[in-house]
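Visitor: My questions all concern the structure below.
The values are calculated or read from the model by the stated rules, or taken from the named source; none is laboratory data. Note that the structure is predicted; figures quoted are calculated from it, not measured. Don't worry about glycine lacking a Cβ; one is built from the backbone with ideal geometry, like all the others, and counts go over all protein chains shown. Surface areas here come from the heavy atoms of the whole protein model, side chains and all, with no ligands, DNA or RNA. Shrake-Rupley method; radii C 1.70, N 1.55, O 1.52, S 1.80 Å.
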Amino acid sequence: NWKGPDRFWLGALNLYMPQVMWVIPGILLTVIFFRADRSWTWLPLLCTLWVIGPIMGFCWSTNEPKPAPGDMTVRVMTWNIKYDRKNIKPLLDEIVRCKPDVLFFQDAVFSLKGPLGDYFRSWQVCSYGQYVIVSRYSLTDAEVYELPFFGRKKENFLRCRMHIGRKSVSLYNVHFKTPRQSIKAFKATKNRPGKLPEIIQTLEDNVQTRIDQAATVREFLKEETGPVIVAGDFNAPEYSLVCETLRNAGLRDAFSEGGRGYGFTYGHFLLKNRLPWLRVSWMRIDHIMVGSGFKTKRCWVGTGKASAHRPVIAELILK
């Protein structure tokens, strides 16, 4: 993970597996050590705790900064809203409960036609394709830029400016390449073992596309002079080179800075059909990242009732 796990295809594949699975060897070794030499039992226990903590991405922020005179608090929410358009109530309930000042939606094609559009009727709206940004504050200068893509489908991101008092904040709404198809291909290798080299190459191309997309956004960020928020479905966990690329542009992850717990946003819907009672997420692939103009007061994730992704909500202090 320190090296960048997606440099290697096996590490990249592991990023999208439930990391709690690495607890199993620790438990087995604890039993073996306990029977063989109890004085060494602490070693596998320590490894198990290391998995439950850093490997699984556990965060526990203890520092909640206070706004200084002249600072403003802004509540930001990002959400990939793969939802049931026939039952929009859970989606609206989540938004009402979280009380955001600005929302970044992905996979939101035609979402503003109907009850959701009615709800945001008095808000400022900036949208293009799957992207929607709605804000209580003024939005201007909407621009769409193309991202590198792999395959036939072109991909892009939405950028605009949000004006809070005399401050202008650059907003980037992103949705990077999904790893879904390349991971599904691995599941089929048991029936087609001869296809493994081809499938590995597809996974590596998929990973590189996501890194290239993050690098493209990074180049735009280099031109920014004011406060910046980059939010959306990165399709990449915290340890990935995608997040590292954006950190190298001076961004910080809001949950890593102000969250408590694991902040997992994806996985619960994959168990919906087999284990409907077990709504457990195991990946943190949706992020809010901020530049130096912001401090994170706190950050948390919402419920998994309305979408295949849980929303991420951050309370930010605009300095």
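Visitor: With a 1.4 Å probe and all protein chains in place, put ILE199, ILE32 in order of accessible area, largest first.
Guide: ILE32, ILE199
Visitor: Another one. Could you work out what % of the accessible surface of the chain is carbon and sulfur, using a 1.4 angstrom probe and leaving DNA, RNA and ligands out of the count?
Guide: Its accessible area is 58 percent carbon and sulfur atoms.
Visitor: Between LYS187 and ALA68, how high is the FRET efficiency from 1/(1 + (r/R0)^6) when r is the Cβ-Cβ distance and R₀ = 41 Å? Nearest 0.05.
Guide: The formula returns an efficiency of 0.20 here.
Visitor: So for region 213-272, Kirkwood radius off the Cα pairs, Stokes-Einstein at 37 °C and 0.692 mPa s: how many µm² s⁻¹?
Guide: My calculation gives 251 µm²/s for D.
Visitor: Restrict the search to region 51-115; then list the trypsin sites (Lys or Arg not before Pro) that DSSP places in a loop and that have at most 13 other Cβ atoms within 10 Å of their Cβ.
Guide: Here the sparse-neighbourhood loop sites are ARG85, LYS86, LYS113.
Visitor: Ignoring everything except DSSP H segments at least 4 long, calculate the 222 nm mean residue ellipticity for the chain; use -39,500 (n - 2.57) per segment, divide by total residues, nearest 500.
Guide: Rounded to the nearest 500, the figure is -8500 deg cm²/dmol.
Visitor: To continue, here is another question. So between LEU196 and PHE110, what do we pick up on full extension, going 0.36 nm a residue minus the alpha carbon distance?
Guide: Extending this stretch completely gives an extra 27.1 nm.
Visitor: Let me ask you something else. Consider all pairwise Cα distances in region 1-135 and report the whole-number % of them above 21 Å.
Guide: 65 percent
Visitor: Place +1 on the Cβ of every Lys and Arg and -1 on the Cβ of every Asp and Glu in region 171-267, take the dipole about the Cα centre, and give the residue among GLY267, VAL228, CYS243 whose Cα lies farthest towards its positive end.
Guide: Value: GLY267.
Visitor: Now for a separate question. Per residue, what accessible area does region 151-268 have, given a 1.4 Å probe and all protein chains present, in Å²?
Guide: Ligands and nucleic acids excluded, the figure is 44 Å² per residue.
Visitor: Multiply the residue gap between ARG279 and ARG121 by 0.36 nm, knock off their C-alpha separation, and tell me the result in nm, one decimal place.
Guide: Here the segment from ARG279 to ARG121 would lengthen by 53.6 nm.
Visitor: With labels modelled as points extended 7 Å from the Cα through the Cβ direction, what inter-label distance (nm, one decimal) is found for ILE24 paired with ALA36?
Guide: The answer from the label model is 2.0 nm.
Visitor: For LYS305, list the aspartates and glutamates whose Cα falls under 12 Å from its own Cα; do not include residues on the same chain fewer than 8 positions away.
Guide: Counting by Cα, and skipping residues close in sequence, LYS305 has these aspartates and glutamates nearby: ASP84, ASP93, GLU94.
Visitor: For region 41-140: lysine pairs with Cα atoms under 16 Å, gap of 8 or more or different chains, count?
Guide: 4
Visitor: Each residue of region 132-147 in order: what ³J(HN,Hα) in whole Hz does its phi give by Karplus 6.51 cos²θ - 1.76 cosθ + 1.60, θ = phi - 60°, with x for Gly and Pro?
Guide: 9, 10, 10, 8, 6, 9, 5, 10, 9, 6, 5, 9, 10, 10, 7, 9
Visitor: At a Förster radius of 25 Å, what calculated FRET efficiency corresponds to the Cβ-Cβ distance of ASP93 and SER138, to the nearest 0.05?
Guide: Efficiency computed from Cβ-Cβ geometry: 0.35.
Visitor: Most mobile of TYR266, TYR137, TYR172 per a Gaussian network model of the chain (Cα springs, under 10 Å)?
Guide: The residue with the greatest mean-square fluctuation here is TYR137.
Visitor: Once the principal axes of the Cα atoms of region 119-205 are found, what is the range along each, listed largest first in whole angstroms?
Guide: Largest to smallest, the principal-axis extents are 60, 27, 20 Å.
Visitor: Where in region 188-241 are there GluC sites (Glu not before Pro) that are in a DSSP coil and have at most 12 other Cβ atoms within 10 angstrom of their Cβ?
Guide: GLU223
Visitor: Once the dipole of the chain is set up with Lys and Arg at +1 and Asp and Glu at -1 on Cβ about the Cα centre, which of PHE294, PRO90, ILE32 lies farthest towards its positive end?
Guide: Sorting the options by dipole projection puts first PRO90.
Visitor: Around ASN80, under 12 Å between beta carbons, what's the net of Lys plus Arg minus Asp minus Glu among the other residues?
Guide: -1
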